[in-house]
Ligand code: KG4
Ligand code: ZN
C-alpha cells in the first residue's frame with residue numbers, strides 16, 4: 001500500500017475512534033519544540049529548546065541562524081519528547097507540524113522533519129496554523145472550554161481579535177495596523193536598553209515603576225473599530241527618551257516601562273471586551289506570548305468578569321511558543337479530516353482563516 005492510502009486509512013480509523021496520540025513539532029521562530037499530546041487535551045510531554053542565547057547578541061532573531069539551529073535540535077528535542085512521554089514512535093498515531101505563519105526557513109526545517117517522520121513511520125500528517133495552535137493552548141489548560149468564544153491572540157508577530165466559532169471556523173474581527181503587541185513590547189524594551197526578548201524584561205522592570213507617570217496616547221485606538229495601532233506608542237517612548245536626553249532631564253526607565261505596559265494593556269482589553277459584548281458570546285480567552293503578561297491577564301480577567309463574561313487563559317508554559325499547543329490543534333484538525341500529503345509546504349504568511 002502506498003503512503004497516501006495507508007495514512008488515509010489510519011486517519012479514518014482514528015476519526016472513528018475519536019482518539020489519537022499526536023507527536024507535534026513547532027519551529028516557526030526561535031524555539032525548537034516537540035510534544036506528545038493525547039486527544040487534544042492531555043499533554044504527555046512538552047519539550048522546548050530556546051534559541052535565545054544564539055540571537056541575544058544581535059538584539060533579535062537572525063532567520064538563517066534560527067533555521068540552522070532548528071535542523072540541529074529537531075532530532076534530540078523530538079527524542080526527548082518521546083522519552084519524557086514514556087513512548088516510542090510505534091505508539092504515535094499521527095504527526096502534526098506548524099506550517100505557517102513564521103520564518104520560512106525555520107518553518108521548512110520543522111515541516112521537512114515531520115514529513116520524514118510521517119513517511120518513515122507511515123503516519124497521517126497534519127499541518128497546523130501557528131495561530132490556531134496558540135488558541136488551542138487554552139484547550140489544554142481549560143478542560144471545559146469549547147468554541148464559541150472570543151480570543152485575543154497577542155504574540156511577537158500578531159495582535160488579532162478572533163471569533164472562534166468552531167475549532168476551525170475562525171473569523172478575524174480586529175487586527176493590528178502596524179506593530180504587533182509583542183513587537184511593541186520588544187521595541188520599547190530595546191530603546192530602554194533591556195535587550196532581547198524584551199516583553200518579559202519590560203514586564204519585570206514595570207513592576208518597580210509608576211504606571212501613571214506618563215500617558216502614551218494613540219488617537220487611532222480611540223475609534224469604534226476593533227483594529228489596533230501600536231507603532232505610535234513605541235515612537236512616543238523613543239521621543240520621550242530622546243527629548244529628555246537632549247535636555248539632560250532624568251527619566252526613570254521603570255516609570256516608562258510601567259506606563260507603556262499599561263497603555264498597551266488598556267487598549268487590548270477595551271477592544272477585546274467590546275468585541276465580546278458585541279458578539280453576544282459569553283467567553284473571552286487570551287493566547288500568544290504576550291498573554292504571559294501578568295497585568296494583561298489580571299486586567300482582562302477583571303474586565304471580563306465584571307461584565308459577566310467567563311475568562312480563560314493558558315498556563316504560562318503554554319503562552320509562548322511550544323509544541324503541545326500544536327498537538328492540540330493538530331488533534332482537532334485530524335478529527336475534522338484535515339489531513340495533509342507529503343506535498344505540505346511552509347507558508348510564511350499563512351492567514352488565520354486558512
Ligand atoms: O507567541 P510567541 O512566543 O512567539 C510568536 O509567535 O511571536 O510570542 C513572543 C512575544 C515576544 O514579542 C515577547 O516579547 C512577548 O511575546 N512576551 C511578552 C511576555 N512574554 C513574552 N510580552 C509582554 N509580557 C510578557 N510577560
Ligand atoms: Zn507564537
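Taken together, the values in this text are just the output of simple stated rules run on the coordinates, not laboratory data. Every value quoted in this text rests on a predicted model; they were computed, and no experiment measured them. A quick note on method: Cβ atoms are made from the backbone with ideal geometry, for glycine too, and the neighbour counts reach across all protein chains shown.
Things worth noting here:
- Per-peptide packing, taken as the mean over residues of other Cβ atoms within 10 Å, places 180-193, 234-247, 72-85 in the sequence 180-193, 72-85, 234-247 from highest down.
- Value in Å of the Kirkwood radius, where the chain supplies the Cα pairs that are averaged: 20.7 Å
- With semi-axes defined as the square roots of five times the eigenvalues of the C-alpha gyration tensor, the equivalent ellipsoid of region 48-98 measures 28, 11, 8 Å, largest first.
- Going by neighbour counts of Cβ atoms within 10 Å, the residues 61, 95 line up, fewest first, as 61, 95.
- Equivalent-ellipsoid semi-axes of region 106-202, from the Cα gyration tensor, Å, largest first: 29, 22, 12
- Per-residue Cβ neighbour rank within 10 angstrom, fewest leading, 331, 316: 316, 331
- For region 286-354, average projected area of the Cα convex hull in nm²: 6.4 nm²
- Förster-model FRET efficiency, 56 Å R0, residue 1 and residue 56, C-beta, rounded to 0.05: 0.70
- Per-selection Rg to Rh, region 154-250 - Cα, Kirkwood hydrodynamic radius: 1.05
- Share, in percent, of DSSP beta bridges within region 152-233 that are antiparallel, nearest 5: 90 percent
- Reported value for region 231-354: 167 Å³ per residue, from the convex hull of its C-alpha atoms.
- By the beta-carbon count within 10 Å of each Cβ, the least crowded to most crowded order of 211, 224, 305, fewest first, is 224, 305, 211.
- Separation between Cα centres of region 105-140 and region 63-87, rounded to whole Å: 13 Å
- Extent of region 129-173 along its three principal axes (Cα atoms, max minus min coordinate, largest first): 28, 19, 16 Å.
- The tail of the calculated P(r) for region 1-120 beyond 26 Å holds 23 percent of all Cα-Cα pairs.
- Relative contact order [Cα under 8 Å, 6+ residues apart], the chain, whole percent: 25 percent
- Structure-based [θ]222 nm, the chain - -39500 (n - 2.57) summed over DSSP H runs of at least 4, per residue, nearest 500: -15000 deg cm²/dmol
- By the Cα gyration tensor, region 211-267 has an equivalent ellipsoid whose semi-axes, rounded to whole angstrom, run 23, 12, 7 from largest to smallest.
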